[in-house]
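The values are calculated or read from the model by the stated rules, or taken from the named source; none is laboratory data. Nothing here was measured: the structure is a model prediction, and the numbers come from that model. Please note: Cβ atoms are built from the backbone with ideal geometry, for glycine as well, and neighbour counts cover all protein chains shown. Protein only, heavy atoms only, side chains kept; ligands, DNA and RNA dropped before computing areas. Shrake-Rupley method; radii C 1.70, N 1.55, O 1.52, S 1.80 Å.
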Amino acid sequence: MVGYIFKRVLQALPVFFGTTLLIYFMVFAMPGDPIVAMFGDRGVNQAVYEQLRAQYHLDQPFLVQYFYYITGIFQGDFGTSFSGQPVGDVLAATFPVTIRLALMAVTIEMLVGIGIGLFAGLRKGKLFDNSSLVMSLLLISTPVFVIAFVFQFVFAIKLGWAKPTVSGAAGFTELLLPAVVLSTLAVAYIVRLTRSSVIETSGQDFVRTAYGKGLTRQRVVRVHILRNSLIPVVTYLSIDFGVLLVGATVTEGIFNVPGVGRTLYQAIIRGEGPTVVSFVTVMVLIYLAVNLITDLLYAVLDPRIRYGK
Amino acid sequence: MRFKKLGLIAAALATTVALSLTGCAAGTDGGNNNIISINGSEPQNPLIATNTNEVGGGLIIDNIYAGLVYYDADGTPVNDMAESITSTDNITWNIKIKSGWKFTNGEEVTADSFVNAWKYGALYSNAQLNSYFFDAIEGFSYEEDTELTGLTVVSPTEFTVKLTSAQSDFPLRLGYTAFFPQPQAFFDDPAAFGENPIGNGPYKLAAEGAWQHNVDINLVKNDDYKGGRVAKNGGLKIVFYATLDAAYADLLADNLDVMAGIPDAALKTYKDDLGDRAVDQAAAIFQSFTIPSRLEHWSGEEGALRRAAISQAINRQEIIDVIFNGTRKPARDFTSPVIAGWSDALEGSDVLDYNPENAKALWAQANEIAPWTGTFELAYNADGGHQGWVDAVINSIKNTLDIDASGKAIALFSDFRTEITEDTITAPFRTGWQADYPALANFIAPLYQTGAGANDGDYSSAEVDALIEKGNTAKTLDEANKAYQDAQVILLKDLPAIPMWYGVSNGGYSTLVSSVEFGWNSVPVLHNVIKK
């Protein structure tokens, strides 16, 4: 097990260098000059322009720029944003907010999605099953920004149950509304996934054996059916968690959540190379970590899966 | 056994959730109800007056500093720190400042605070975005580090400024951000200072670290401020929004007190939503599109005919009504109605009227000189919400002149500006100008003077240059304005840019505040806002 984890972490190294190089190149190749943009509609002051380019190493060839960046990272320096803030600080300020939001959304997805899915699967073809189908189809076919605007208008502006936007503190109660919005789509998928998985597992031999042993229905459902049905769901949840962590740009924009998605979007618009690359790098690392944890979870859920001897 | 393991993981997960949740603070408001919240945007640069040229940082700096003058709501300059600003020849200016004013760290504001700040802002190697504001002062150089010799400190409350040429509107400029004074702490470590600036204005930062990047900045009233902008509220909370839509949602829920700007999606409904709390007034914003004369068909006699034809082929009012819900005013000149000296009856301004018959005739005349070839394109940056009106303008031209025409989207603003400044753009392009200070000169000289910084179309006219010079040396403001109006008469003939419309400031305020007024520059006058 330890050996397996070590091997996976080693594999992450080339991925890390590959993605930073690739992303840095893409930012480098982006059309337009961010320093020109800093002057807005005003004319460009050539002297100031040259010096700012030198300050951000933009006058250097691509590989030299990348070298500056990567050596900086190994000294714990992620570069500086145009507003003079170390990118490390930006990362430290935004990621906790997004992680909190993602965890809340995933928790909602798990509780609501698996709960409804299990219930529907056990009562195949009944009213509850059918209405859950209608609900999931409705949620899947509605774009997330529509749900976001509707929820914001109804719950925040009309009913006043929550504030329309999230403040800097980004506390639990404030994040509840965006978290619910973020979770809606995944809830719908998880309901469908859990339902079909439960139906399939219910027909397995070991379930019949379990009933044959005289176990109560409650115990069979909990220990045998649910656990064995969860593998596809866990896969989906972990991918979704990864997606949420790298920022829900649209939702974060609508609720003004000071998280990863909103910040990254602004950095891209402003052409801030170091900020964009650092964010994406951290996202890649998170994705790799989440994937590793998911693989390890499989072993917990299914006794037939074993890692590294 | 194995079930226990699952339980363990669940417990671990729950702990992580709990841990990350406890990281949040309990309350959002400090409990002080006399704080006015307003929407802003994350400053793009450290908060240094000479390096701030965009609205996000400008809103903060203008409220924490007091310069020599400030502009009241209608754009009239009023002495703030200045006792007097006088000159006999418009070249050497004598400036006396009031004594006894202090920065919020207790340091006295003296003539040196101004002179040193200006010298810093102008110095080549400091690479300040606003350095061009000092280029009229003797000793300024765009090429190397030089001493700003035109600045002389006479006494702690008096200094003189010597310009390289006469500039009648020099006192008008002094309210702009670039001319604010700086305390000694700034020069010791500008970078650190930019995070926690120390000013002398109506407000000050609530505490060290009051600027929470990408979130908000908290300002409180500065009780030591003695000028004409004394705050009638306890402080400001400037909240950075990624989109106007989010800010508007907060405004509707009374979660935001004052809002500058209205999102496009709400332009139709905001007056119904807000009632008499909606703000809609003219702004010092001029919008146009520029046709560089280096493009084929657009120079000389032929170019002049085609420019006049294009201008008269556009139904400005209809486009404004349909695309902007009436929230623009058709242009009558090259400046803005909020500026003193504006006139809607300049000679030749009828070229801005929609006149399809005349447009067709002029275009046919031009075709006799050289037949029209190709497509009329109009370039714009796709990330700025310009597509709607560009398409409308294109259709207007297409239908009137019966030529091929299309909009030309360039993905990013930065790319768009790069192509314009490097003269690689192959089509006419949209241009806009928001005044830095309320003077006609600010709309003319930087855009149409030969070789000027924002002269995107590389326009050059000896007559216009001479009239700008005449305006600069004029003894009185009226005389100067006359010269700038005359310069515009020539611009209306040459049409280096086709005037489109004047911007309007839209905005609104919550039910919790009163006395909200928007200034000439579309920025709310925040010190007067009262919390109910």
Rough spin-label spacing in nm, given labels placed 7 Å along Cα→Cβ, for residue B:230 and residue B:299: 6.1
Nearest-0.05 FRET efficiency for residue B:135 and residue A:21, computed from C-beta distance (R0 56 Å): 0.85
The range B:318-357 - Kirkwood radius from inverse mean 1/r over Cα pairs (Å): 11.6
For the protein assembly as shown, with +1 on Lys and Arg beta carbons and -1 on Asp and Glu, the positive-most of B:121, A:229, B:290 along the dipole: A:229
Extent along principal axes [Cα atoms of chain B; Å; largest to smallest]: 87, 77, 46
Sorted peptide list for A:194-201, A:22-29, criterion being average Cβ within 10 angstrom, highest first: A:194-201, A:22-29
Heavy atoms of residue B:294 accessible to a 1.4 Å probe, total area in Å² rounded to 10: 110
Relative intensity, log₁₀ I(q)/I(0), of the range B:81-152 from a Debye sum that treats every alpha carbon as a point, q = 0.25 Å⁻¹: -1.13
Which of A:89, B:415 is most accessible, then next, and so on - probe 1.4 Å: A:89, B:415
Exposure of residue B:124 as accessible area (Å², to 10), given a probe of 1.4 Å and all protein chains: 70
Longest to shortest principal axis, alpha-carbon extents of the range B:282-504, angstrom: 50, 37, 34
Fluctuation leader among A:143, A:274, A:258 - chain A, Gaussian network, Cα springs under 10 angstrom: A:143
Distance between modelled label sites at residue A:305 and residue A:219, nm, 7 Å Cα→Cβ extension: 2.7
For chain A, built as a Gaussian network whose Cα springs stay under 10 Å, the top-fluctuating residue of A:217, A:192, A:100: A:217
Gain on full stretching of the segment that runs from residue A:206 to residue A:62 - 0.36 nm per residue minus C-alpha separation: 45.9 nm
Accessible solvent surface per residue of the range A:208-309, calculated while the other protein chains remain in place, 1.4 angstrom probe, Å²: 43
Aspartates and glutamates with Cα under 17 Å of residue B:470, excluding same-chain neighbours fewer than 8 positions away: B:89, B:169, B:478, B:479, B:486
Convex hull of the range A:66-185 built on C-alpha atoms - directionally averaged projected area, nm²: 11.2
Cut-off under 5 Å, modelled amide H: who pairs with residue B:503 long-range: B:283, B:285, B:286, B:287
Heavy-atom SASA rank of B:372, B:93 (probe 1.4 Å, accessible area, largest first): B:372, B:93
Euclidean distance of C-alpha centroids, the range A:1-51 and the range A:116-158, integer Å: 39
Of A:150, A:166, A:284, the one that fluctuates the most in a GNM where chain A has Cα springs shorter than 10 Å: A:150
Alpha-carbon centroids, the range B:248-319 and the range B:36-56: separation in whole Å: 23
Extension gain, residue B:268 back to residue B:318 (0.36 nm per residue minus Cα-Cα distance, nm): 16.4 nm
Per residue value of the accessible surface for chain B (all protein chains in place, 1.4 Å probe), Å²: 39
Peptide A:159-171 - average C-beta neighbours from other chains (10 Å radius): 6
Distribution of pairwise C-alpha distances over the range A:2-86, 5 Å bins, in %: 3, 11, 17, 21, 17, 11, 8, 5, 3, 2, 1, 1
Translational diffusion coefficient (Stokes-Einstein; Kirkwood radius from C-alpha pairs) of the range B:301-372 at 10 °C, 1.306 mPa s, in µm²/s: 118
Projected-area average for the range B:129-201 over all orientations - Cα convex hull basis, square nanometres: 6.1
Whole-angstrom Cα spans of the range B:147-268 along principal axes, big to small: 54, 35, 29
Residue pairs, from the table B:98/B:532; B:119/B:482; B:96/B:226, whose Cα atoms sit over 23 Å apart: B:98/B:532; B:119/B:482
